[in-house]
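The values are calculated or read from the model by the stated rules, or taken from the named source; none is laboratory data. As the structure is a prediction and not an experimental result, all values here were calculated from the model. Heads up, the Cβs are rebuilt from the backbone with ideal geometry, glycines too, and the neighbour counts pull from every protein chain shown. Remember, those area values only see protein heavy atoms, side chains included, never the ligands or the DNA or RNA. Shrake-Rupley method; radii C 1.70, N 1.55, O 1.52, S 1.80 Å.
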Amino acid sequence: MIKVKNLHKSFGKLDVLKDISTDIKKGDVVAIIGPSGSGKSTFLRCLNLLETPSSGQVWINDQEITNPRINIMKVRQKIGMVFQHFHLFPHMTTLGNITYAPMKVKGLKEEEAKAKALDLLRKVGLEEKANEYPVRLSGGQKQRVAIARALAMEPEIMLFDEPTSALDPEMVKEVLEVMKSLVKSGMTMAIVTHEMGFAREVADRIFFLEEGRLLEDTPPAEFFATPKTDRAKAFLDKVL
Ligand code: ADP
Ligand code: MG
């Protein structure tokens with residue numbers, strides 16, 4: 001579903017991603033971990049061209065999205081993204097946030113978009129917050145709305161960039177639960193996270209990044225017990 005070949009990204013003289021090649025299959029759940037500044041966010045953002053790779057290629061469903069002739073807006077519709085800081089539209093209610101893109105981009109009628117949004121809100125446990133503005137929601141609730149908003153576009157792939165890092169500890173679980181239900185539904189997911197327990201539980205593969213290199217692509221049981229690289233070992237010693 002996602003194929004990455006010889007991906008490089010630099011910002012000026014700073015080489016942030018170095019020769020990354022990998023495949024992510026349909027239904028795969030990949031947890032991306034590594035030290036701060038190792039390129040995790042940049043890697044994720046290259047998958048939907050929020051960042052333009054300096055060289056290398058990315059395919060989504062056999063379509064090369066690094067080809068400059070591609071219609072990137074169309075590609076992005078297939079890829080949902082959830083950020084650390086939610087990025088909800090502050091001047092719209094929960095319902096407004098969720099119905100906006102389906103109406104604007106997909107041309108759904110308001111009734112249809114609303115019905116779908118309410119269904120998604122039920123799934124993330126926030127039906128009663130449909131008419132609330134983001135400012136009146138807790139962090140965990142905001143993030144669940146952000147997930148519902150991404151799902152409203154019926155993406156084939158979901159990208160998460162530290163979805164629980166900005167949350168108070170007691171709200172982490174409710175967001176992870178929603179993500180777990182997505183995993184169960186078979187969604188293809190790439191998740192940058194510092195939640196090692198969650199990564200171990202739900203991921204099919206752990207990507208370990210350091211200094212822009214994909215040092216490990218390892219099943220979780222093996223990664224957490226016997227990481228292949230000393231770098232990963234040192235990292236795990238610090239965080240576990
Ligand atoms: P991580 O998510 O693993 O913490 P990032 O992908 O955010 O790492 O960043 C990797 C490196 O790239 C860091 O050194 C960061 O400062 C740098 N970087 C990220 N985005 C930009 C940008 N837009 N311009 C310049 N440097 C950037
Ligand atoms: Mg980051």
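Give the long-range amide H neighbours of ARG213: residues separated by 5 or more places, or on another chain, with amide H under 5 Å away, using H modelled in the peptide plane at 1.01 Å from N.
LYS18
Hey, what angle do you get for helix 230-239 against the long axis of the chain, alpha-carbon based, 0 to 90 degrees rounded to 10?
Tilt relative to the chain: about 40 degrees.
Under a 1.4 Å probe, what is the accessible area of the chain per residue, stated in Å²?
Accessible area per residue, the chain: 49 Å².
Report the trypsin sites (Lys or Arg not before Pro) located in the stretch 40-70 that are in a DSSP loop and have at most 14 other Cβ atoms inside 10 Å of their Cβ, or state none.
Filter output for the stretch 40-70: ARG69.
Enumerate by residue number the chymotrypsin sites (Phe, Trp or Tyr not before Pro) in the stretch 72-110 meeting two conditions: DSSP loop (anything except H, G, I, E, B), and at most 11 other Cβ atoms within 10 Å of the site's Cβ.
none
Would you work out the charge dipole size for the stretch 2-237 about its Cα centre, treating the Cβ of every Lys and Arg as +1 and the Cβ of every Asp and Glu as -1, and quote it to the nearest 20 debye?
640
What is the angle, in °, between the Cα long axis of helix 139-151 and the longest principal axis of the Cα atoms in the chain? Nearest 10 is fine, range 0 to 90.
90
Suppose every K and R has +1 on its Cβ and every D and E has -1 on its Cβ; what is the size of the dipole of the stretch 160-208 about the Cα centre, in Debye to the nearest 20?
Here the size comes out at about 280 debye.
May I ask you to list the trypsin sites (Lys or Arg not before Pro) in the stretch 156-240 that are in a DSSP loop and have at most 14 other Cβ atoms within 10 Å of their Cβ?
Answer in residue order: LYS228.
Where the centroid of each part is defined by its Cα atoms, how far is the stretch 146-188 from the stretch 1-57 in Å?
The stretch 146-188 and the stretch 1-57 have Cα centres spaced 20 Å from each other.
With an 8 Å Cα cut-off and a minimum separation of 6 or more residues, compute the relative contact order for the chain in percent.
26
Subtracting the Cα-Cα distance from 0.36 nm times the residue separation, let me have the gained length for LEU14 to VAL135 in nm, one decimal.
Fully extending the segment from LEU14 to VAL135 adds 39.8 nm.
Near the amide H of GLN84, under 5 Å away, which other amide H atoms are found, from residues 5 or more places off or on another chain, if H is placed in the peptide plane?
Placed amide hydrogens put ASP161 under 5 Å from GLN84.
Using a simple charge model, +1 on the beta-carbon of Lys and Arg, -1 on the beta-carbon of Asp and Glu, nothing else, what dipole does the stretch 106-159 show about its Cα centre, in debye to the nearest 20?
180
Carbon and sulfur: what percent of the stretch 114-229's accessible surface (1.4 Å probe)?
Of all accessible area on the stretch 114-229, carbon and sulfur atoms account for 48 percent.
Take every DSSP beta bridge whose two residues both sit in the stretch 115-240, then give the antiparallel share in percent to the nearest 5.
Among the beta bridges of the stretch 115-240, antiparallel pairing accounts for roughly 50 percent.
Tell me the angle of helix 94-104 to the major Cα principal axis of the chain, expressed in degrees between 0 and 90 and rounded to the nearest ten.
80
What 222 nm value per residue comes from the helices of the chain, counting each DSSP H run with n ≥ 4 as -39,500 (n - 2.57) and dividing by all residues, nearest 500 deg cm²/dmol?
Rounded to the nearest 500, it is -11000 deg cm²/dmol.
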